[in-house]
Amino acid sequence: ANLTPPESPDRFSFGEKMLDVTTVYPWSFSAGLGFRPVPTVHIMLSGDLDLAVQYDRFVVDAFTEPPRSTVQGVDRQLNWNGSVGVEWLVNRRVPLRFGAFTNRSAAPAVPARSTSRSAARVHRYGVTGSAGYLGDKRAFNIGAEYTWGQGHDAVAAESALYDADYVRTPREESRLILFLSGAISFAKET
């Protein structure tokens, strides 16, 4: 069977010309499982699998080149990610939640030296935690998410004035998000 992944075509101007830009989304499969070992603890597990896909991002004619600082050929490799979460009801009104997740890159390894731009390849991992209040008509949560990642990126070489080479460089990331969320029930009981 010939399965074609869903596409998202778009157009943008490049100088006086319009370029057709396409994003192809790989086929994705997800599965999850939730269970309660005891009435006050809920454990959730999930996994995602994205299939490989390759395509040219820009559709150009023979006389037009796409911008050199962009990635023309997109190569997404077979990739998997997973997550786990635990919710503990301290009492019927106060849930504590903890989780961990992966956000691994589907990009191929960045070459040590290249004449064209490569996509960054950074595998990210994260943890979350929150505390909440469950009222009869409203709920509030306060929490945090911390994500870190390591990998490689392609940057213009110092000799870019003489040629258009890119070189691999290490890349590290970290991000901390603090959040406060809530919900209010407007529906009346019938």
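In table form, for the structure just shown:
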| item | result |
| --- | --- |
| LEU176, sole failed condition from (1) open to solvent by 80 Å² or more (accessible area, probe 1.4 Å); (2) under 26 Å from GLN54 (Cα atoms) | (2) |
| Test result for GLY151, surrounded by 15 or more Cβ atoms within 10 Å (Cβ to Cβ) and not acidic (Asp, Glu) | yes |
| Of residues in the stretch 105-132 being hydroxyl-bearing (Ser, Thr, Tyr), at pLDDT 95 or above and open to solvent by 40 Å² or more (accessible area, probe 1.4 Å), the one nearest to the chain's Cα centre (by Cα) | TYR125 |
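The values are calculated or read from the model by the stated rules, or taken from the named source; none is laboratory data. Computed from a prediction, not measured in an experiment: that's the story for all the values here. Positions of Cβ are backbone-derived with ideal geometry, glycine not excepted, and every protein chain shown enters the neighbour counts. What goes into the accessible areas is simple: the full protein's heavy atoms, side chains included, and nothing from ligands, DNA or RNA. Shrake-Rupley method; radii C 1.70, N 1.55, O 1.52, S 1.80 Å.
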